[in-house]
Amino acid sequence: MSTTADSSVAAQTAYEPVIGLEVHVQLLTASKIFCSCSTRFGAPPNTNVCPVCLGMPGALPVLNRKAVEFATLAAMALNCRINETSIFARKNYFYPDLPKGYQISQYDRPLAEFGYIEVQILNTGGTGDHRVKKIGITRVHLEEDAGKSLHEGFPDSDEKTAIDLNRTGVPLIEIVSEPEIATPDEAYEYLTRLKEIILYTGVSDCNMEEGSLRCDANVSVRPRGQKALGTKAEIKNVNSFRFIREALVYEIARQVEVIESGGKIVQETRLYNSHEGKTYSMRSKEQAHDYRYFPEPDLLPLVVDEKWKAEIAKTLPELAEARRARLVKEYGITEYDAQVLTVSKSLADQFEAAAKAAKNPKRVANLVQSELMGRLKARGIDIEQSPISMKGVASSADLVESGAISGKMLKDLYDLCFDRGKDFPQVYDEEGRPQQSSDTSALEKIIDEILVANPKPLEQYRAGKKTMIGFFVGQVMKASKGQANPQFVNELLVKKLDQV
Ligand SMILES: [Zn+2]
């Protein structure tokens, strides 16, 4: 290692990063937050607009009830306290994609506060074990989205910027974390858990490509042990969690280097260039007072009373963390498989529905674990792209349960499903519903031959070593090329072995 690298590592360990995240999540309402325009993504530019969201003089906002319910539900899932009364405020700034000249948001009295997300943090020391860390959520508030500036894709794009105002007035929640995130990895974990929680509540599709989940990161560094926070930079508009982690790694190193070389960090907004892996200064960061916040005069205070809150709370589903713990307990699967099965609520629902409908729910779980996961992993396929559906797993489990197919036949059929990209019932039909050999006379013949060929084990069995039955079952299964029904073989064997 070169001296430069050595000293930079030393410098980095002498400093402690402090990270806070601001996440904007688009709510899945059919209409916008203050008017009845559609929120549909992909509509032709400037078609989902009206005087209200275009900010025409005299147009008045009317709050969307569903947006409030979704925001409250999300805040509850994030363990927040819901404030009975919250206030909408105008955040004033000039930007071409903001026709009103202000954004309706919430400021000093937000919808919800004091929440937290639990994340698993890898313990230091390389033991591989985890601990749980609570990262505080300062607030969850409602606001409207701005429009979109289009800098590319038009013949005159080198000179002009086009504006699409379809997104103007689309309902968002902003989820602000406490500055309690200590590393880029923790930030990644926090975002992963946050997205999972929001997806489980169903209030957003969290689609990052379509902008329904956007994240800004505030980061500063301070000498380890110092109480006061350093000056922070804000990294904006990073479009994947992986890039956020990379941007933070770069930015922390940059700040340490600036301070170490005698410079000062300026409060600013920076953009991350994922091709270069670097952040660039975009503009000096506004302070809150630059926005001249004041209460929105066209909207009444928002009141979510106890009764409404209770109604919303009833729609709160079991969240991923709780569900994982329950799946492990109820179906006896591993933590890892529970993790995979709860990757989305719909997959977890499918699994449980299939397992419950099957004759033996645990067998479904076993098959997912022993036969499905490995094949998915070997082919690098996500469980959600699995050719065999949860229903397919359940129907195969029932066939094994009833003795219609053997474990060996199930494995072969699973391989065929993956080769053909088809679900289990379909392949089972195509293969002519192979019947297990329960042709008694054929099996009896095989058994007789095996007993003759193995006098020693036979002697041991008859001398009282009953566990030898396993050896004989294995031999018969092998001789029948896995086509025999093991249970049936067992019965026949017992009969034959016991007649002396
Ligand atoms: Zn509108």
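The values are calculated or read from the model by the stated rules, or taken from the named source; none is laboratory data. Since the structure is predicted, the reported quantities are computational estimates derived from the model, not experimental observations. With ideal geometry, Cβ positions are generated from the backbone for all residues, glycine too; neighbour counts draw on all protein chains shown.
Things to note:
- If you go through the stretch 180-208 and keep only what is buried (at least 19 other Cβ atoms within 10 Å of the Cβ), out of contact with any Lys or Arg (no Cβ under 8 Å at 6 or more places or on another chain) and over 30 Å from Lys314 (Cα atoms), you end up with just Ile181.
- When the test is whether a residue is surrounded by fewer than 20 Cβ atoms within 10 Å (Cβ to Cβ) and not polar (S, T, N, Q), Phe424 does not pass it.
- Looking only at residues in the stretch 369-381 that are on the phi < 0 side of the Ramachandran plot and free of Cβ contacts under 8 Å to residues at least 12 places away in the same chain, the one that is surrounded by the fewest Cβ atoms within 10 Å (Cβ to Cβ) is Ala378.
- Scanning the stretch 55-86 for residues that are under 17 Å from Thr29 (Cβ atoms) and basic (Lys, Arg) yields Arg65, Lys66.
This table checks each residue for (1) within 30 Å of Ala320 (Cα to Cα); (2) modelled with pLDDT of 95 or more; (3) in contact with a strand residue (DSSP E or B) (Cβ under 6 Å, 6 or more places away or on another chain).
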{"position": "Tyr15", "(1), (2), (3)": "no, no, yes"}
{"position": "Glu22", "(1), (2), (3)": "yes, yes, yes"}
{"position": "Val25", "(1), (2), (3)": "yes, yes, yes"}
{"position": "Pro51", "(1), (2), (3)": "no, yes, no"}
{"position": "Asn83", "(1), (2), (3)": "yes, yes, no"}
{"position": "Gln103", "(1), (2), (3)": "no, yes, yes"}
{"position": "Glu113", "(1), (2), (3)": "yes, yes, yes"}
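- Flag for Ala353 being hydrophobic (A, V, I, L, M, F, W, C) and surrounded by 14 or more Cβ atoms within 10 Å (Cβ to Cβ): no
- Scanning the stretch 386-397 for residues that are in a helix (DSSP H, G or I) and under 15 Å from Glu352 (Cα atoms) gives Met390, Lys391, Gly392, Val393, Ala394, Ser395, Ala397.
- Within the stretch 265-323, considering residues that are aliphatic (A, V, I, L, M) and part of a helix (DSSP H, G or I), the one farthest from the chain's Cα centre (by Cα): Ala288
- Matching residues in the stretch 22-37 - criterion: being in a loop (DSSP other than H, G, I, E, B) and within 13 Å of the ligand (Cβ to nearest atom): Thr29, Ala30, Lys32, Ile33, Phe34, Cys35, Ser36, Cys37
- Residue tally, condition free of Cβ contacts under 8 Å to residues at least 40 places away in the same chain, in contact with a Leu (Cβ under 9 Å, 6 or more places away or on another chain), among the small types (Gly, Ala, Ser) and farther than 27 Å from Lys478 by Cβ, over the stretch 382-416: 1
- Single residue of the stretch 270-316 satisfying the filter (within 26 Å of Ala74 (Cβ to Cβ) and in contact with a Lys or Arg (Cβ under 7 Å, 6 or more places away or on another chain)) that is modelled with the lowest pLDDT: Tyr291
- Of everything in the stretch 40-75 that is more than 10 Å from the ligand (Cβ to nearest atom) and β-branched (Val, Ile, Thr), the residue that is surrounded by the most Cβ atoms within 10 Å (Cβ to Cβ) is Thr72.
- One residue stands out in the stretch 147-173 among those that are closer than 22 Å to Leu28 by Cα and among the hydrophobic types (A, V, I, L, M, F, W, C): the one that is farthest from the ligand (Cβ to nearest atom), namely Ile173.
- If you filter the stretch 76-100 down to residues that are within 18 Å of Leu300 (Cβ to Cβ) and buried (at least 16 other Cβ atoms within 10 Å of the Cβ), you find that the one that is nearest to the chain's Cα centre (by Cα) is Ile82.
- Residue match in the stretch 446-457 (condition: under 47 Å from the mean Cα position of the chain (by Cα), assigned to a helix (DSSP H, G or I) and crowded, with 17+ Cβ neighbours inside 10 Å): no
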